[in-house]
Amino acid sequence: MHFLVNPGPIRSGTVTVPGDKSVSHRALMLGSIADGETRVSGFLDGEDCLATLAAMRAMGVSIERPSDTELVINGVGRTGLSAPTTELDLGNSGTAMRLMAGLLAGQPFNSTLTGDESLTGRPMRRIIGPLTSMGARIDSRDGLPPLVINGNPSLTAIDYPLPIASAQVKSSVLIAGLYADGTTSVTEPAVTRDHTECMLRSMGVDVRTDGNRISVQGGQALTAATIDVPADLSSATFVILAALLADDAEVLIEKVGVNPTRTGVLDILRSMGADIRLENERALAEEPVADIRVRSSELLGQAIDPGLVSLAIDEFPALFVAAAAARGTTTFAGLEELRVKESDRIASMAAGLKALGADVTETDDGAIVKGGGFSSGTVQSFGDHRVAMSLAVAGTVADGPVTVHDTQPVETSFPNFINIMNDLGSTISNSHEVGS
Ligand code: S3P
């Protein structure tokens, strides 16, 4: 599929974007191993989370879906999963694979995790290392999926200094820690999203956080919870970006997750001059939410604070577009992890922005982007949902039409992206590739 974006900035309006992907994955996995019935609303009906849902069902968990965004998970308890009879295909989802590897490490059965072309090219040594030292055996293709996990129901607790700031690795080790004898601790080099810790606490698990060190004692039971998933700030970012770049728009995005471990994007955009306000701040269980009001703003290039990278890790494709639309030069550094996301996001965005006439110089760990706006052009997503949506938003303020190829992956995280953008006045159409 491809997007054809006809130029036309968005107008004012109020929208709700789909549920948070990270929280939806965790609701499925942790709800499955809780005792009792976990009810979920606001679930992300996107391909990534549906892959996790199918995997949990394949391990004997009964999950009802009263509607696309509601789940009733009949938890089987911490030790109640059964061996899957086929390999578990997690599609495009790194979160699903890395968190589930932690869950499967502590099971009394073997399992195989696989995925699509992008996922089977993503590094897994980062979880194989710690999970192996806890006592699981994991075979891989030289550190790449498929992963064959030989579970061990009596894992050994570890005290693990994370070599990279990664919520997926942290979560994988903490979930495995639920099956370990003793207290498992991880120490983060920088704060990353804490949805696993929040959800475990809302399920009655004692998770201790002491600075950057998080600990969980093995053997604790999880109690079913009611989970209202906030809207995904990472998806809201595309609407925020479109509103900022528009001529004179004011957009309200409702009930968005604003967990402080995720809001780096708001701080970065504000440092560039963005008018973004949080209203009606409240909490859904352990997760803070707010309505986000954003007004079109003149953005100014900046040196982006590398200290904010782990708090905005998924938002750099959109931030590259903001930089290319800003006045002056923006420099990004400390982004080496972006090279191992759904695509190499530094390279993908540099290629896309250059094809739209922007002045971008790639560096090993970032980019130097000179602002100047966008021309008409044809770009590739490189199979990456966030690259596709970022470049589509650039197209709304380009000099002429922009075609974004290979947009199918948008279904993984933001299935109604086009509808929401077009409700706000953009003209993006979705077509099947000719000749592909
Ligand atoms: C996620 C963690 C981040 C992020 C991903 C979701 C999570 O990955 O990029 O989209 O839900 O834990 P890393 O842990 O690889 O940084």
Practice task
Using the structure shown, decide if residue 334 is in a loop (DSSP other than H, G, I, E, B), open to solvent by 10 Å² or more (accessible area, probe 1.4 Å), within 16 Å of the ligand (Cβ to nearest atom) and of a type outside the set (A, V, I, L, M).
Solution key: yes
Handout entry: The lone exception for residue 178 - which of (1) under 27 Å from residue 119 (Cβ atoms); (2) within 16 Å of the ligand (Cβ to nearest atom) it fails
Key = (2)
Practice task
May I ask you to verify whether residue 199 is buried (at least 19 other Cβ atoms within 10 Å of the Cβ), closer than 23 Å to residue 104 by Cα and within 15 Å of the ligand (Cβ to nearest atom)?
Solution key: yes
Practice task
Would you tally the residues in the stretch 140-167 being over 26 Å from the mean Cα position of the chain (by Cα) and within 15 Å of the ligand (Cβ to nearest atom)?
Solution key: 0
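Can you tell which of 10, 63 is more than 15 Å from the ligand (Cβ to nearest atom), of a type in the set (A, V, I, L, M) and outside any strand (DSSP E or B)?
Numbers: 63 fails: outside any strand (DSSP E or B).
So the residue among 10, 63 that is more than 15 Å from the ligand (Cβ to nearest atom), of a type in the set (A, V, I, L, M) and outside any strand (DSSP E or B) is 10.
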Handout entry: Matching entry among 286, 281 (being closer than 30 Å to residue 197 by Cβ and modelled with pLDDT under 95)
Key = 286
Completion exercise
Reported set for the stretch 337-353 where residues are crowded, with 24+ Cβ neighbours inside 10 Å, away from the ligand (no atom under 13 Å from the Cβ) and over 16 Å from residue 410 (Cα atoms) is 346, 352, 353
Fill in the blank from the handout: Log entry, pairs with first residue in the stretch 14-30 being away from the ligand (no atom under 12 Å from the Cβ), second being acidic (Asp, Glu) and in a strand (DSSP E or B), beta carbons closer than 8 Å, six or more apart or on different chains, reads 14/254; 15/254; 16/254
Practice task
Those residues that are under 26 Å from the mean Cα position of the chain (by Cα) and more than 10 Å from residue 323 (Cβ to Cβ), I need them from the stretch 362-374; list them, please.
Solution key: 362, 363, 364, 365, 366
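Counting only residues that are within 24 Å of residue 200 (Cα to Cα) and open to solvent by 10 Å² or more (accessible area, probe 1.4 Å), give me the strands (runs of 3 or more DSSP E) lying completely in the stretch 107-181 with at least 2 of them. Write out each step before concluding.
Values: elements: 110-114, 137-141, 144-150, 159-161.
So the answer is 159-161.
Got a number for residues in the stretch 126-180 being acidic (Asp, Glu) and in contact (Cβ under 8 Å) with a residue 12 or more places away in the chain? Quick ask: steps written out before the conclusion?
We begin by selecting, within the stretch 126-180, every residue acidic (Asp, Glu); these are 139, 142, 159.
Next, only the ones that are in contact (Cβ under 8 Å) with a residue 12 or more places away in the chain stay: 159.
Of the residues in the stretch 126-180, 1 are acidic (Asp, Glu) and in contact (Cβ under 8 Å) with a residue 12 or more places away in the chain.
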Practice task
Please find, among 196, 192, 237, 184, the residue that is among the hydroxyl-bearing types (Ser, Thr, Tyr), within 23 Å of the chain's Cα centre (by Cα) and outside any helix (DSSP H, G or I).
Solution key: 192
Exercise for the section: With the condition kept exactly as written, say whether any residue in the stretch 87-105 is more than 16 Å from the ligand (Cβ to nearest atom), of a type in the set (D, E, K, R), farther than 18 Å from residue 58 by Cβ and open to solvent by 10 Å² or more (accessible area, probe 1.4 Å). Expected result: no
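Would you mind finding the one in 365, 406, 399 that is out of contact with any Lys or Arg (no Cβ under 9 Å at 6 or more places or on another chain), in contact (Cβ under 8 Å) with a residue 24 or more places away in the chain and either surrounded by 19 or more Cβ atoms within 10 Å (Cβ to Cβ) or more than 20 Å from residue 2 (Cβ to Cβ) (or both)?
None of the others qualify; the one that does is 406.
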Handout entry: Of residues in the stretch 291-314 being part of a strand (DSSP E or B) and charged (D, E, K, R), the one farthest from the ligand (Cβ to nearest atom)
Key = 295
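The values are calculated or read from the model by the stated rules, or taken from the named source; none is laboratory data. Quick caveat: nothing in here was measured; it's all calculated off a predicted structure. Note that each Cβ is placed from the backbone with ideal geometry, even for glycine, and that neighbours are counted across all protein chains shown. Please note that ligands, DNA and RNA were not included when accessible areas were found on the heavy atoms of the full protein model with its side chains. Shrake-Rupley method; radii C 1.70, N 1.55, O 1.52, S 1.80 Å.
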